[in-house]
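J.: Could you have a look at this structure, given as structure tokens, before my questions?
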Amino acid sequence: MVRVMASGVFDIIHTGHISYLEQAKAAGDELVVIVACDNTVRKRKHEPITPETMRCRIVSALKPVDMAIVGKDTGDLFSTLDEIHPDIIMLGYDQAFDEKELESKLREKGYCTRVMRATECSDDLNGTRRIVAKIIESSKKVQQ
């Protein structure tokens, strides 16, 4: 049984998320998804549109996902790894990690976890910020 771990914000589910999760699931037998907690999203990206519990519920209902949990507010990847014990960490195409550096840190800590990176989805609206921008643009046109 190969357990894959994926993580993300998953604020507005879009085809980029689906592609990422499908690639993660295809890399193993079981997919566990860490949904970033609200505080982490605020610190690293933006004010979340939907709360963490709602995002986690939505992600857990997606076909490729075997289990989804809300991430801890510690910022410590390794405490999460101790709970999940993944064989593979699948990074999103745009996640700010260097695969080799992360694998090196994992080895230093005694993990045998492989790191892989998903490829980008080719759809036009494959990112939350792109979708939000399009909504704002459309709203401005309607108001004119």
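J.: If I filter the range 1-20 down to residues being outside any loop (DSSP other than H, G, I, E, B) and touching a Gly at 6+ places or on another chain (Cβ under 9 Å), which single residue comes out as most open to solvent (accessible area, probe 1.4 Å)?
T.: R3
J.: Starting from residues that are at pLDDT below 75 and open to solvent by 100 Å² or more (accessible area, probe 1.4 Å), keep the ones in the range 104-129 and report whichever is farthest from P48 (Cα to Cα).
T.: The qualifying residue farthest from P48 (Cα to Cα) is D124.
J.: Identify the residue in the range 74-98 that is under 15 Å from the mean Cα position of the chain (by Cα) and not hydrophobic (A, V, I, L, M, F, W, C) and, among all such residues, is most open to solvent (accessible area, probe 1.4 Å).
T.: Checked the range 74-98; the qualifying residue most open to solvent (accessible area, probe 1.4 Å) is D94.
J.: A further question follows. Based on what the data block shows, is I135 open to solvent by less than 90 Å² (accessible area, probe 1.4 Å) and among the hydrophobic types (A, V, I, L, M, F, W, C)?
T.: No, not satisfied.
J.: Next question, about the same structure. Yes or no: V132 β-branched (V, I, T), touching a helix residue (DSSP H, G or I) at 6+ places or on another chain (Cβ under 7 Å) and more than 12 Å from M5 (Cβ to Cβ)?
T.: no
J.: Another question, if that's okay. Only one of D82, D11, D76, D98 is closer than 23 Å to A133 by Cβ, modelled with pLDDT under 95 and charged (D, E, K, R). Can you tell me which?
T.: D11
J.: Could you go through the range 50-66 and let me know if any residue there is of a type in the set (G, A, S) and either surrounded by 20 or more Cβ atoms within 10 Å (Cβ to Cβ) or under 28 Å from A133 (Cβ atoms) (or both).
T.: Within the range 50-66 (the criterion being of a type in the set (G, A, S) and either surrounded by 20 or more Cβ atoms within 10 Å (Cβ to Cβ) or under 28 Å from A133 (Cβ atoms) (or both)), the answer is yes, since at least one residue qualifies.
J.: Determine if the range 30-38 includes at least one residue that is open to solvent by 50 Å² or more (accessible area, probe 1.4 Å), in contact (Cβ under 8 Å) with a residue 24 or more places away in the chain and within 12 Å of the chain's Cα centre (by Cα).
T.: Among the residues of the range 30-38, not one is open to solvent by 50 Å² or more (accessible area, probe 1.4 Å), in contact (Cβ under 8 Å) with a residue 24 or more places away in the chain and within 12 Å of the chain's Cα centre (by Cα), which makes the answer no.
The values are calculated or read from the model by the stated rules, or taken from the named source; none is laboratory data. What you are looking at is a predicted structure, and each value in this text was computed from that prediction instead of being measured. Heads up, the Cβs are rebuilt from the backbone with ideal geometry, glycines too, and the neighbour counts pull from every protein chain shown. Note: areas computed on protein heavy atoms with side chains; ligands, DNA, RNA excluded. Shrake-Rupley method; radii C 1.70, N 1.55, O 1.52, S 1.80 Å.
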